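Derivation of every value follows stated rules applied to the coordinates shown; laboratory data play no part. Computed from a prediction, not measured in an experiment: that's the story for all the values here. We place every Cβ from the backbone using ideal geometry, glycine too, and count neighbours over all the protein chains shown.
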Amino acid sequence: MSEQVEHALRVKQENEDRLLAKAGVIGVGVGLRQRAGHFEDEVCLVVSVRHKLPADQLTDQDLLPPHIDGVPVDVQEVGDVTRD
């Protein structure tokens with residue numbers, strides 16, 4: 001496993017509870033950044049939300065940072081998640 005992935009996994013573990021407490025966040029993982037439906041070669045924290053909202057519709061407490069401990073944060077909209 002690359003050092004970059006190992007670092008991202010540590011950052012995820014250290015920050016997961018704090019991120020999950022933010023409005024609309026339903027999951028946190030480590031993966032590749034996604035832009036316009038295409039994956040890039042950038043390892044990041046993937047924060048899954050039901051619906052992306054403009055920053056002006058979120059409180060300061062619920063805004064997600066662009067990076068945490070040097071790891072980029074990628075917010076990905078996943079819609080409603082159901083359990084079968």
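Does region 67-84 hold any residues that are over 24 Å from H7 (Cβ atoms) and not small (G, A, S), and which are they?
Start the filter on region 67-84 by keeping residues that are over 24 Å from H7 (Cβ atoms), which leaves 77-84.
Hits for region 67-84 are E77, V78, D80, V81, T82, R83, D84.
Within region 8-19, the set of residues being exposed (fewer than 15 other Cβ atoms within 10 Å of the Cβ) and of a type outside the set (D, E) comprises R10, Q13, R18.
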